[in-house]
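Written out below as structure tokens is the structure these notes cover.
All of the numbers you see were taken from the coordinates with simple rules; none came from a lab. The model shown is predicted, which means the values in this text are computed figures rather than measured ones. Counting neighbours? That spans all protein chains shown, and the Cβs are built from the backbone with ideal geometry, glycine included.
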Amino acid sequence: MLEISNIAGGFGVTTNIRNIGEVNASDVNIIITVTGGLFGKFDKSFTTGVVLITPSESTQYRAVPFRIGNIEILVTAEASNADQVTRQATGFLLGPFVLRLESLHNFLFFFYFISSFCS
């Protein structure tokens, strides 16, 4: 079982993929898709493959897009013996630097927490 433990900005977009299962994750594919930018004209996917991630281990992947403007980031990880997982974030791209990165996973959790508290 795979988990996208985080999406970070800075120089490019960096993500950590962790195997939280009890068996090796084989033939792992990691895809970082960046869309948006000035006038919404940027749509690029960065892909890498990892042969194996053992239980409790993780791997890191960095993509370096180059544009300017607000962006949406979608990270997808899948293995031949594990379900596909995704995680989203938004940020601002200034050349190769990703600023103001906000994970939508955290935002949705916060919204759920607030809405359950108010009802």
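Once R0 is set to 25 Å, what does the formula 1/(1 + (r/R0)^6) return for the Cβ-Cβ distance between Gln84 and Val64, expressed as a FRET efficiency to the nearest 0.05?
E(calc), rounded to 0.05, equals 0.55.
Please work out which option in (i) 43, 43, 20; (ii) 83, 42, 33; (iii) 51, 38, 26 gives Cα extents along the principal axes in Å calculated from these coordinates, and answer with its label.
Read-out from the structure maps to (i).
Which distance in Å, rounded to a whole number, links the C-alpha centroids of the range 2-17 and the range 56-84?
Taking the Cα centre of the range 56-84 as reference, the centre of the range 2-17 is 6 Å away.
Length gain on complete extension for the stretch Phe11 to Val50, per 0.36 nm per residue less the alpha carbon to alpha carbon distance?
Roughly 11.8 nm would be gained on extension.
Within the range 46-71, find all residues whose amide N lies under 14 Å from a label point positioned 7 Å from the Cα of Asn24 along Cα-to-beta-carbon.
Answer for the range 46-71: 50-57.
Would you calculate a helix-derived [θ] at 222 nm for the chain, using -39,500 (n - 2.57) for each DSSP H run of n ≥ 4 and dividing by the full residue count, to the nearest 500?
-4000 deg cm²/dmol
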